[in-house]
Amino acid sequence: MVDIEDEFKRRYPNLWREMKQNKPNTMLRVAVEVDKFRGYVPDAIDYIRRCDTPEQAEETIKYLLEKGEISTDRAERLLEQLKRLGLKSFGAKKEDGFYLKESGLV
């Protein structure tokens, strides 16, 4: 684990030196941002939510099944949901740049 104080000293040596030379009661606040999507692996529904049509969603489900990303049972349930409830039942469409916008990078 990275020590925040050591990391701050490494990145901002002049600022660190100034802070240490000034008042001893100077408080240092460091905000640590965590990328909420780091290590995130999209699942079938994430891919389906990028589709424009039910046909694209069906093709996506079949592709994921063929590649072994989802089980036959899961594929059948997703296809049934698509048929019965429609594409919107999986959630709002994820547009290009969705993850960048959600993580505040754009």
Within the range 49-89, considering residues that are among the small types (Gly, Ala, Ser) and without any contact (Cβ under 8 Å) to a residue 12 or more places away in the chain, the one nearest to ARG38 (Cα to Cα): GLY68
Residue within the range 4-25 that is touching a Gly at 6+ places or on another chain (Cβ under 9 Å), at pLDDT 80 or above and charged (D, E, K, R) present: no
Count of residues meeting criterion [modelled with pLDDT of 95 or more, among the aromatic types (Phe, Trp, Tyr) and crowded, with 16+ Cβ neighbours inside 10 Å] in the range 48-106: 1
Restricting the range 37-72 to residues that are touching a Phe, Trp or Tyr at 6+ places or on another chain (Cβ under 6 Å) and part of a loop (DSSP other than H, G, I, E, B), the residue that is farthest from LEU105 (Cα to Cα): ARG49
The range 90-104 residues that are farther than 21 Å from THR53 by Cβ, paired with ones that are surrounded by 11 or more Cβ atoms within 10 Å (Cβ to Cβ) and aromatic (Phe, Trp, Tyr) (beta carbon under 6 Å, 6 or more apart): TYR99/PHE37; SER103/PHE37
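The values are calculated or read from the model by the stated rules, or taken from the named source; none is laboratory data. Note that the structure is predicted; figures quoted are calculated from it, not measured. Here Cβ is always computed from backbone atoms with ideal geometry, including for glycine, and neighbour counts include all displayed protein chains.
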